[in-house]
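The values are calculated or read from the model by the stated rules, or taken from the named source; none is laboratory data. Nothing here was measured: the structure is a model prediction, and the numbers come from that model. Note that we place each Cβ from the backbone using ideal geometry, even for glycine, and neighbour counts take in every protein chain shown. Side chains are part of the model used for accessible areas, which takes the heavy atoms of the whole protein and leaves out ligands, DNA and RNA. Shrake-Rupley method; radii C 1.70, N 1.55, O 1.52, S 1.80 Å.
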Amino acid sequence: MNETRKFPLKKYHRAVEWDKVRRMLSEQTACPDAADFALSLEPETTLQGAQRLLEETDDAYLLMARFGSPSFHGLVSVVNGVRRAQSGGVLNLSELLRIAGVLRTMRGVAEWRQKSEGMKTTLDWRFDSLAPNKYLEDRIQTTVVSEEEVADHASPELASIRRKIRNASSRVREQLDHMIHSAAYQKYLQDPIVTMRGGRFVVPVKAECRGDVPGLVHDTSSSGATVFIEPMSVVEANNEIRVLQAQEKDEIERILTTLSGEVGGFAEEIAGGYEAAVELNVIFAKASLAYNMKATLPILNDEGRIFLKAARHPLIDKQKVVPTNIELGKDFDTLVITGPNTGGKTVALKTIGLLSIMAMCGLMLPVAENSEISVFTKVLVDIGDEQSIEQSLSTFSAHMTNTIHILEESDEHSLVLLDELGAGTDPVEGAALAIAILEELRGKGAKIAATTHYAELKEYALQTKGVENGCCEFDVTTLRPTYRLLIGVPGRSNAFAISLRLGLSEYLVERAKELVSHENAKFEEVVQNLENSRQALETERKEVERIKREAMELRRQAEEAKKKTEAHAATEMEVARRQASHLVSRTRAQIDAMMDEMEAIKKSAKLTPEQKANMRGKLRHLENTADPVHQKESDEYVLPRPLKVGDSVLIFDLDKKASVVELSPDGKEATVQAGIIKTRVPLSNLRLLQEKQVKKPQRKVTKALDSSRRGGMRELDLRGQTVMDALMDVDRFLDGAQLSGVHMLTIIHGKGTGALRAAIHDHLKRHPAVRSYRLGVYGEGEDGVTIVELKK
């Protein structure tokens, strides 16, 4: 937090109301030292230093957004106390309690940081410097009860002494209670009570009876009617109490000396931790102020570029302030702002200067995202009426005195803000002086923003490269400024229009227009035309933005509809998968039942006509129920020629390739084969495909894969091979099926001795791609084949 370079003259800061922003910042702090730190905050004039301060504020801002703000309550200055303890001094109870409070606060902040350890920040070294000391904190809290009392258990000796004091006091009270309730002494007492004077127990005796009660007189009432006597019977007991009280005082002094020594041993850690806590309090106060101002992190540079988007003056009510765009230092180094009084010109100047100083002090700015601002070595300001009666200076003289100082101090790293440049004197001479001053400042390389009413300065800005006009927009219809700063547009005084709206005679206004010089009238006409064109373009821009917003909204709605459609499609696919799985399970069960029935018929070796009809009916029912696909609507396709056996066709509703095996006599249906499955299909559901010549494969396993590429299953014939060759072919066969996306395979191994079948089954059991396998059933090859299902 140590700044390396400071502004030489703080009055420039006051001119842009930097002191008010510092007061706002101090109100966010939690301890006097942090508030004083905030009130003395000065800008950092190096890019690296200002960037570091802003990064610290931004890290605090992000930590507060995620984990809330740490509590710095209870943070008070204890540096003097710990330094005195370090030098051997004895601290009093109040000082010790304040030290314990600071240690408790530092421990709370450190524990708060531990909640967010996963987030690295530029503040970590300060958190590490807090050095909480739970031992010393507990030691003080268990020793000191309040600012006036030490705990009994602060030491065994103190506890013993206080126990003796209580016992002795109890004995004295018992003796005196017996005395004041005795009939022999009651007539001498003013009141039947026991009280204390000078730390000794006494009884109130009537003045005229003082000789009737033997003892020592310690006090007399203000009226003289009562004397407070310590009866001789309790003098020794009171003496014992006084001795014990002296011992108590000595023991307390010893305890405080010991405890102060312990504090002194940790003096460096406590002082360093307190300093780090104060700095953290100020940094988090900056972040809290940023939340209140709805501020953002600006982009810093040291090249004089300022581009503020939707900038708001931080001292104007958030509900009333009008955001404005401000630009300087990129395409032009001088901005001349014109326009009517109370139109916002001075506010625009103060906003530029104040936001520049705030950024250099590490404060986030009330601007839109991606705003840019520069670091300057000096911000030189002449704003407001600096007239001094004591110095006998006029308005012009006061402004000129400030301007002379600014000319002497400015350089290429300076930001110069001049309000009503050249005002307070003859307009012709004032305008000439203003132009000469701007030329001098530009020659030094300074970045300049100036306000004026002079038309000569408007013309100067139009004719000079690097100088740009600006104005504060004014609504003539409502006679109220909009407070928007318009770059590139010279302002108008609007005196004639305002006068007409206020009721001045039109004749007088026209006469005034006649008195205006031809050049001025022509210039004002050009400015008016520019303003009309600007307003037309502004209207068009707003319309384009409206259309853009509507288009973006339509796009957003389309994307949401797309996401909903995709989600619905995914849901439907999942439902279809479940239904297909259920269908497959049901069909398999029906097939198994039919196989059992066919096996029984095979064994009987005789099939009656009724059994044949029943079997055909079951097959047709199985075919119909096992097909979940609804037929596609016909596209009125006509076969280009009659089909013949061997033609390649497409089953239209299944989108499956097949080859024609047989044609029905009536020419309405055809028997086609897709893989190992044969089925009857109406000719209207077939589409003729053009045959492609395929080279004859050389290996048996490749032939099996290629010949069944269009089918739902594939076959591998291993009959006659050795076990070793067969297993190698099985591996290639399974790999090829996985690449082709086929999951149901048939391996033909024959019945024989069963050795090849056993070796294949043992191999399939360990293969990672195999989900299950089984022997074939009737119609599939029975024990001579193995049906393999691969993992999907």
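Give the residue list of GluC sites (Glu not before Pro) in segment 393-434 that are DSSP loop and have at most 15 other beta-carbon atoms within 10 angstrom.
Passing sites in segment 393-434 are Glu412.
Taking the dipole about the Cα centre of the chain, with the C-beta of Lys and Arg at +1 and of Asp and Glu at -1, give me whichever of Ala15, Gly466, Gln579 is farthest to the positive side.
Comparing the listed Cα positions along the dipole, Gln579 ranks first.
So, with +1 on the Cβ of K and R and -1 on the Cβ of D and E, and no other charges, what is the size of the charge dipole of the chain about its Cα centre, to the nearest 20 debye?
Dipole size: approximately 5220 debye.
Please give the net charge around Val217, taking every other residue with its beta carbon less than 11 angstrom from that of Val217, where Lys and Arg add +1 and Asp and Glu add -1.
0
Once each part is reduced to its C-alpha centroid, what is the distance from segment 318-369 to segment 440-461 in angstrom?
Centre-to-centre distance over Cα atoms comes out at 17 Å.
Compute the long axis of helix 506-515 from its Cα atoms, compare it with the longest principal axis of the Cα atoms of the chain, and write down the angle in degrees, 0 to 90, nearest 10.
Roughly 90 degrees between the two axes.
Please say if segment 38-123 is rounded, prolate or oblate, where rounded means a/c under 1.5 for a ≥ b ≥ c the square roots of the C-alpha gyration tensor eigenvalues, and otherwise the choice is prolate for a/b larger than b/c and oblate otherwise?
Verdict is oblate for segment 38-123.
Could you please state, rounded to a whole Å, how far the C-alpha centre of segment 544-586 is from the C-alpha centre of segment 18-71?
49
Which residues' amide hydrogens lie under 5 Å from the amide hydrogen of Asp717, considering only partners 5 or more residues apart or on another chain, with H built in the peptide plane?
Ile748
Please list 178-191, 561-574, 99-112 highest first by mean number of surrounding beta-carbon atoms within 10 Å per residue.
99-112, 178-191, 561-574
Please find the FRET efficiency linking Glu662 to Ala561, where r is the Cβ-Cβ separation and R0 is fixed at 45 Å, and quote it to the nearest 0.05.
0.35
What is the gain in length, in nm to one decimal, between Arg171 and His582 on full extension, counting 0.36 nm per residue of separation less the C-alpha to C-alpha distance?
Answer, rounded to one decimal: 138.2 nm.
Among rounded, prolate and oblate, which fits the chain when a ≥ b ≥ c are the square roots of the eigenvalues of its C-alpha gyration tensor, a/c under 1.5 means rounded, and a/b larger than b/c means prolate?
oblate
Write down the accessible area per residue of the chain in Å², having rolled a 1.4 Å probe over the full set of protein chains.
55
Antiparallel versus total DSSP beta bridges in the chain: what percent is that, nearest 5?
That works out to approximately 65 percent antiparallel.
With n ≥ 4 as the cut-off for DSSP H runs, can you work out [θ] at 222 nm for the chain, using -39500 (n - 2.57) per run divided by the number of residues, rounded to the nearest 500?
Result for the chain, helices only: -16500 deg cm²/dmol.
Of the cross-linked pairs Lys465/Lys513; Lys751/Lys792; Lys563/Lys657; Lys330/Lys447, which ones have a Cα-Cα span greater than 22 Å in the structure shown?
Lys465/Lys513; Lys751/Lys792; Lys563/Lys657
As I understand it, the dipole of the chain uses +1 on the Cβ of Lys and Arg and -1 on the Cβ of Asp and Glu, about the Cα centre. Which of Val235, His218, Phe127 lies farthest toward its positive end?
Phe127
How much length, in nm to one decimal, is gained on full extension between Val509 and Ser233, taken as 0.36 nm per residue of separation minus their Cα-Cα distance?
Roughly 88.3 nm would be gained on extension.
Expressed as a whole percentage, what fraction of the accessible surface of the chain belongs to carbon and sulfur atoms when a 1.4 Å probe is rolled over the protein heavy atoms?
Answer for the chain is 52 percent, counting heavy atoms of protein chains only.
Taking loop as defined by DSSP and a crowding limit of 14 other beta carbons within 10 Å, which trypsin sites (Lys or Arg not before Pro) in segment 717-783 fit?
In loop regions of segment 717-783 (DSSP not H, G, I, E or B), the sparsely surrounded trypsin sites (Lys or Arg not before Pro) are Arg719, Lys751.
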